[in-house]
Amino acid sequence: MITIEIHSNDARESYGFEISGHAYSGEHGHDLVCAGASAIAFGAVNAIGEVAKIIPGIEQGEEGGFLSVIIDPTDVSSDQNVKLQIILRTMTTQFYTMVASYGDFIELKYKMV
């Protein structure tokens, strides 16, 4: 199962996420749940850099199955934060859509930071 953990504060602002596991919803190279989750995650990472102009801390597993993206809120301007929150809320909404259809293979959680 793929587990997505959104890192949020008390004000419900998000400053990172972690994805771990494998969906195993299809054979290797044809796993649509894994491909969808990867596309959403890497699209968000690219948008954080391109749109919000933030360079997040990124950690990846060498053979897939793990991605950690952390943003220090003290390094983010007010304008950047507005963009960041839109990007991460969009990403979270996309993951919720996947969970609604493929909940046997993917789950979404929140971690307070």
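The values are calculated or read from the model by the stated rules, or taken from the named source; none is laboratory data. In this text, all values refer to a predicted model and were calculated from it rather than measured experimentally. Reconstructed Cβ throughout: ideal geometry from the backbone, glycine too, with neighbour counts over all protein chains shown.
A count restricted to the stretch 1-47 and to residues that are within 11 Å of the chain's Cα centre (by Cα) and in contact (Cβ under 8 Å) with a residue 40 or more places away in the chain stands at 17. The residues listed here are 75, 31; of these, the one that is of a type in the set (Asp, Glu), out of contact with any Cys (no Cβ under 6 Å at 6 or more places or on another chain) and closer than 23 Å to residue 11 by Cα is 75. Under the condition of being among the small types (Gly, Ala, Ser) and modelled with pLDDT under 95, the residues counted in the stretch 54-101 number 3.
The selection criterion, being among the aliphatic types (A, V, I, L, M) and more than 25 Å from residue 112 (Cβ to Cβ), does not hold for residue 100. Does residue 52 count as surrounded by 18 or more Cβ atoms within 10 Å (Cβ to Cβ) and part of a helix (DSSP H, G or I)? In short, no.
The residue of the stretch 57-97 that is surrounded by the most Cβ atoms within 10 Å (Cβ to Cβ), among those that are of a type in the set (Val, Ile, Thr), in a helix (DSSP H, G or I) and touching a residue at least 12 places away in the same chain (Cβ under 8 Å), is 87.
Within the stretch 1-46, if we keep just the residues that are aromatic (Phe, Trp, Tyr) and in a strand (DSSP E or B), the residue that is surrounded by the most Cβ atoms within 10 Å (Cβ to Cβ) turns out to be 17. For the stretch 98-106, the condition holds for at least one residue, the condition being that it is closer than 17 Å to residue 6 by Cα, assigned to a helix (DSSP H, G or I), touching a residue at least 12 places away in the same chain (Cβ under 8 Å) and out of contact with any Cys (no Cβ under 6 Å at 6 or more places or on another chain).
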